[in-house]
Amino acid sequence: MPLWLWCLLFVLESLYCWWIIGYGGARWIEGWKSFFMIEWFALDWTAEQIRLYVLIIWCFSAIWFVVGIIKPELRL
């Protein structure tokens, strides 16, 4: 995967996570919409639980992004 695409995908994911964590996106997708926007197991989660899940996933994504920049063969 080219570096520009790797960076673009990370920026798009970061914008999505930023919206959920900081701008009320978790309240908007709470309930049945979380099935499509997060995962099937998030159906019964509250907005705070969704925000925590997305924060954890975002941290791991940031680590994987840095690893992908350092070692291009690990970009999926």
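None of the figures in this text is laboratory data; all of them are computed from the coordinates on show. This is a predicted model, so every value here is computed, not measured. FYI the Cβ positions are ideal-geometry reconstructions off the backbone, even for glycines, and counts take in every protein chain you see.
Values for this structure:
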item	result
Members of segment 4-39 found to be loosely packed, with under 13 Cβ neighbours inside 10 Å, of a type in the set (A, V, I, L, M, F, W, C) and either under 20 Å from CYS59 (Cα atoms) or in contact with a strand residue (DSSP E or B) (Cβ under 7 Å, 6 or more places away or on another chain) (or both), listed by number	LEU5, LEU8, VAL11, LEU12, LEU15
Single residue of segment 40-68 satisfying the filter (touching a helix residue (DSSP H, G or I) at 6+ places or on another chain (Cβ under 7 Å) and β-branched (Val, Ile, Thr)) that is surrounded by the fewest Cβ atoms within 10 Å (Cβ to Cβ)	VAL67
